[in-house]
1. Once all Cα-Cα distances of the stretch 38-99 are split into 5 Å bins that start at 0, what whole-number percent is in each one?
2. Please give me the summed charge of the neighbours of Arg29: other residues whose Cβ is under 12 Å from its Cβ, Lys and Arg +1, Asp and Glu -1.
3. Over the chain, average the accessible area per residue using a 1.4 Å probe and give it in Å², no decimals.
4. Not counting the cut sites, what is the longest span of the chain without GluC sites (Glu not before Pro) that DSSP labels loop and that have at most 11 other Cβ atoms within 10 Å?
5. Ignoring ligands, DNA and RNA, please state the percent of accessible area on the chain from carbon and sulfur, probe 1.4 Å.
6. If you place +1 on the Cβ of every Lys and Arg and -1 on the Cβ of every Asp and Glu, how big does the dipole about the Cα centre of the chain come out, in debye to the nearest 20?
7. Please compute, over every Cα-Cα pair in the stretch 90-180, the percentage with a separation greater than 23 angstrom.
8. Obtain the radius of gyration and the Kirkwood radius of the stretch 115-168 from its C-alpha atoms and give Rg over Rh.
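The values are calculated or read from the model by the stated rules, or taken from the named source; none is laboratory data. Keep in mind that this is a model prediction, so the values were computed, not measured. Here the Cβ positions follow ideal geometry from the backbone for every residue, glycine too, while neighbour counts run over all protein chains shown. For accessibility, only protein heavy atoms count, side chains too; no ligands or nucleic acids. Shrake-Rupley method; radii C 1.70, N 1.55, O 1.52, S 1.80 Å.
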Amino acid sequence: MLGAVLAAGLIPRKLRAADGLGRLEVFPRPREAPDFSLRDAKGEEVRAAAFQGKGLVLNFWATWCPPCVEEMPALEKLRAAVMDDGIVVVAASQDRAGLPVVQNFYDRNGIAGLPIWLDPRGAAGRAFGIPGLPTTIILDRQGREIARLVGAAAWDMPDAIAAVRNLLPRPPAGAETTET
């Protein structure tokens, strides 16, 4: 499927470097993703299997990382743009202090449309082998890694939204698309 998306030219050949999107690496074949877990804002563990059947844009970030902070509003807008397509946007905080520091950041910056997710010990980030923050991993509906971007990007730009939608096409009619 991914090869067909690329061959059909559904991903812009040259995403703008100025938006950070030029670093989006789309893999010729899906890669097996590690089994990972995150914590939601209630402190509940959520395993990778909870995202099966959904497209997943998984962003690793931290409140102390300036490019991450700059990227958060764009991720919030991306989430709003793609949620009806069965695509989940998860911003997994790497802050070791956990929920209090992330909740304070969200409150100070008016982030209300992006759920809080935590990876306070960095286990999910290590499992994916992220080289630094921010890093965004795109997983297909079978839970396989199909693309990766290291660094910040303007995820709310029309080309970025189109690229995410094209990488993660809508599921067939009647398929489950409820957000986790």
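1. 4, 16, 25, 24, 21, 10, 1
2. Here the charged neighbours net out to -1.
3. 48
4. So the longest stretch without any such site is 45-175.
5. Exposed carbon and sulfur together represent 53 percent of the surface.
6. 440
7. In whole percent, the long-distance tail amounts to 34.
8. 0.98
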